[in-house]
């Protein structure tokens with residue numbers, strides 16, 4: 001609900017613009033706008049005061065559009081005809097944006113598939129083919145560490 005409706009001001013076209021901004025945010029986050037606020041009076045107060053949730057990671061042009069749509073001041077919100085023009089301009093960028101919005105479950109299943117493939121790769125390694133590296137059998141001696149800088153010198157120079 002737009003702030004001007006809460007304040008019993010006239011309903012204008014930009015009330016719908018406000019709603020559009022809220023819907024865009026809800027689609028991006030898959031959450032209800034101010035759904036974590038338990039009291040209607042607190043929700044109304046936050047709306048009137050211009051308190052808005054953080055806009056998630058998305059292209060700057062989309063973030064700016066949402067911010068303009070849900071602006072506290074109705075005079076600063078774009079008209080629907082302006083929104084159509086902006087959205088038409090942003091349409092070519094939609095594929096870029098869609099790639100940023102990968103479903104978390106899809107990411108999980110991709111990761112799980114990668115781990116399964118990795119475990120299969122490890123199963124293919126035969127222990128008898130593994131050889132101990134010649135360098136791993138060397139003992140670390142005082143002589144072999146003489147080129148390692150002393151800790152005191154490093155801390156004094158830094």
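Remarks
- Taken over region 41-63, the criterion of being exposed (fewer than 10 other Cβ atoms within 10 Å of the Cβ) and farther than 19 Å from residue 78 by Cα is satisfied by 41, 54, 57.
- Residue match in region 6-28 (condition: surrounded by fewer than 12 Cβ atoms within 10 Å (Cβ to Cβ) and either under 24 Å from the mean Cα position of the chain (by Cα) or modelled with pLDDT under 85 (or both)): yes
- Among residues of region 29-40 being assigned to a loop (DSSP other than H, G, I, E, B) and surrounded by 12 or more Cβ atoms within 10 Å (Cβ to Cβ), the one that is farthest from the chain's Cα centre (by Cα) is 37.
The values are calculated or read from the model by the stated rules, or taken from the named source; none is laboratory data. This is a predicted model, so every value here is computed, not measured. Counting neighbours? That spans all protein chains shown, and the Cβs are built from the backbone with ideal geometry, glycine included.
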